[in-house]
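Everything below concerns the one structure shown next.
The values are calculated or read from the model by the stated rules, or taken from the named source; none is laboratory data. Keep in mind that what you see is a predicted model, and the values were worked out from it rather than measured. Positions of Cβ are generated from backbone atoms using ideal geometry, with glycine treated the same way; all protein chains shown enter the neighbour counts.
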Amino acid sequence: MGAVLYRLLYTLVLRRIPPETAHRLAARGVALAGRAGLLRLLGRPDPVLAVDALGLRFPSPLGAAAGVDKDASWYEGLGALGFGAVEVGTVTPLPQEGNPRPRVARLTADRALQNSMGFPNPGADAVARRLAGRRPGPTVVGVNVGRSKAATAEQAAEDYRATVRRLAPHADYLVLNVSSPNTPGLRDLQAVAPLRGIVAAVREALAELGLDRPVLVKIAPDLADEDVDAVADLALELTLAGIVATNTTVVRTGLRSPGVPLAGGVSGAPLKARSLAVLRRLRARAGDRLVLVSVGGVESAGDVWERLEAGATLVQAYTGFVYGGPGWPRRVNRELARRLRAATPPAGVEPASRA
Ligand SMILES: Cc1cc2nc3c(=O)[nH]c(=O)nc-3n(C[C@H](O)[C@H](O)[C@H](O)COP(=O)(O)O)c2cc1C
């Protein structure tokens, strides 16, 4: 019923307003409903869905991908909608406007989005203040950290260090984003040498704070297979906690939507096959020594299930949520719980130990 209503709302209203405006309205609405206590009525995810990973307990393997809550303004509401985790950000040390609008397009015929946002965000201080007011609750909150548009390649490590220093106290885990296509030069940081420098700087910041936080790295789907292997090897060598795979793609082949803008990254259904292939490659390379967070083209509980079977510990979505509406995380959770219960291991086996 919720799905039908949302489709009607989407067709009659949301489709007619710019995607970024619709997103902002949704964020405000959910945040307000959360503050009014209305979302508590939705209930928590079925306990069978809990996943223990990164030293944390996730109420569901399904999380909101980076970009959904760029400024830490509605992570609590997103948790109430059924997401087990919210990856806030991408955050840079200072506030950034991002690229000129319009910078998000709906590719409806492809069940996809294209964005060239360029990390608009209020900066590390503002995000830290918002996260400092976080109320105790089961939703895991990660922070995704990026390089400022203005920083040179040499300044990149300092950028990550500064943001981590400010935000680590408020984050359950940290993701180093070196894979968005909308900050020029950012994806070059996926090469082994720069990545090594960034991880060292972030580790120093954590050591200065006396904090231990799981650190993951987020990679692009457009890396060659050997480069995916190289990142996995480096993550193992540096004992990173895991890899988030993948970000949006710059590949345009096979899209059916008319007038696809040239700039920006494509997300959603067109990304599904490559994201799954990268996950399988990472799992084959790293075994169970890394936590793999699979993201890209997840549209249903069946997709989440497929990622878990392919070796993901956690799964995230952005575009599937936009097209599925506010009831989507709960629908996915319900179906996942049904499948898990049908496949429940014998009594005595702890179901939350899938990590
Ligand atoms: C509008 C938009 C903004 C995004 N912003 C970010 C971001 O700030 N940082 C980031 O790491 N990924 C960002 N992403 C990428 C998503 O986190 C995700 O990796 C990608 O969209 C693939 O997942 P999906 O197919 O479920 O959307 C953004 C995606 C979209 C569509």
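Every residue in the range 83-92 that is modelled with pLDDT of 95 or more and not hydrophobic (A, V, I, L, M, F, W, C), please.
G84, E87, T90, T92, listed by residue number.
Give me the residue from the range 276-319 that is buried (at least 18 other Cβ atoms within 10 Å of the Cβ) and of a type in the set (S, T, N, Q) and, out of that set, nearest to the ligand (Cβ to nearest atom).
Selected residue: T319.
So, of the residues in the range 231-275 that are within 19 Å of the chain's Cα centre (by Cα) and of a type in the set (D, E, K, R), which turns out to be nearest to the ligand (Cβ to nearest atom)?
K272
Looking for whichever is surrounded by fewer than 19 Cβ atoms within 10 Å (Cβ to Cβ) and either on the phi > 0 side of the Ramachandran plot or within 17 Å of the chain's Cα centre (by Cα) (or both) here; the options are P221, P194, P214, P184. Which one fits?
The conditions single out P214.
Out of all the residues in the range 18-29, is one or more among the aliphatic types (A, V, I, L, M), within 18 Å of V141 (Cα to Cα), buried (at least 17 other Cβ atoms within 10 Å of the Cβ) and touching a residue at least 12 places away in the same chain (Cβ under 8 Å)?
Yes, the range 18-29 has at least one match.
Exactly one of these conditions fails for L39: (1) of a type in the set (A, V, I, L, M, F, W, C); (2) modelled with pLDDT of 95 or more; (3) surrounded by 20 or more Cβ atoms within 10 Å (Cβ to Cβ). Give me its number.
With (1) of a type in the set (A, V, I, L, M, F, W, C); (2) modelled with pLDDT of 95 or more; (3) surrounded by 20 or more Cβ atoms within 10 Å (Cβ to Cβ) applied to L39, the lone miss is (2).
Collect the residues in the range 301-321 that are over 23 Å from A284 (Cα atoms) and more than 16 Å from the chain's Cα centre (by Cα), keeping them in residue-number order.
Of everything in the range 301-321, just one residue is over 23 Å from A284 (Cα atoms) and more than 16 Å from the chain's Cα centre (by Cα), namely A301.
Which residue pairs have Cβ atoms under 8 Å apart, sit 6 or more places apart or on different chains, and have a first residue in the range 89-110 that is free of Cβ contacts under 8 Å to residues at least 60 places away in the same chain and a second that is part of a helix (DSSP H, G or I) and surrounded by fewer than 20 Cβ atoms within 10 Å (Cβ to Cβ)?
P95/A126
Test D159 against the criterion of being touching a Gly at 6+ places or on another chain (Cβ under 9 Å) and of a type in the set (D, E), and give yes or no.
Yes.
Just to check your reading of the model, which residue among R15, R24 is modelled with pLDDT under 80 and part of a helix (DSSP H, G or I)?
Checking each option against the conditions leaves just R15.
Need a quick list: helices (runs of 4 or more DSSP H) entirely within the range 267-334 having at least 3 residues that are within 20 Å of P181 (Cα to Cα).
Result: 272-286.
Regarding the range 72-86, can at least one residue be identified that is in contact (Cβ under 8 Å) with a residue 12 or more places away in the chain, under 22 Å from A31 (Cβ atoms) and assigned to a strand (DSSP E or B)?
Checked the range 72-86: at least one residue is in contact (Cβ under 8 Å) with a residue 12 or more places away in the chain, under 22 Å from A31 (Cβ atoms) and assigned to a strand (DSSP E or B).
Quick check on this structure: which one of N115, N99 is modelled with pLDDT of 90 or more, of a type in the set (S, T, N, Q), within 16 Å of the chain's Cα centre (by Cα) and within 16 Å of the ligand (Cβ to nearest atom)?
N115
Contact list please: Cβ distance under 9 Å, first residue in the range 302-331 and more than 16 Å from Y75 (Cα to Cα) and of a type in the set (D, E), second residue modelled with pLDDT of 95 or more and surrounded by fewer than 23 Cβ atoms within 10 Å (Cβ to Cβ), pairs at least six apart or on different chains.
Final answer for the pair search is D303/K272; D303/L276; E306/L276.
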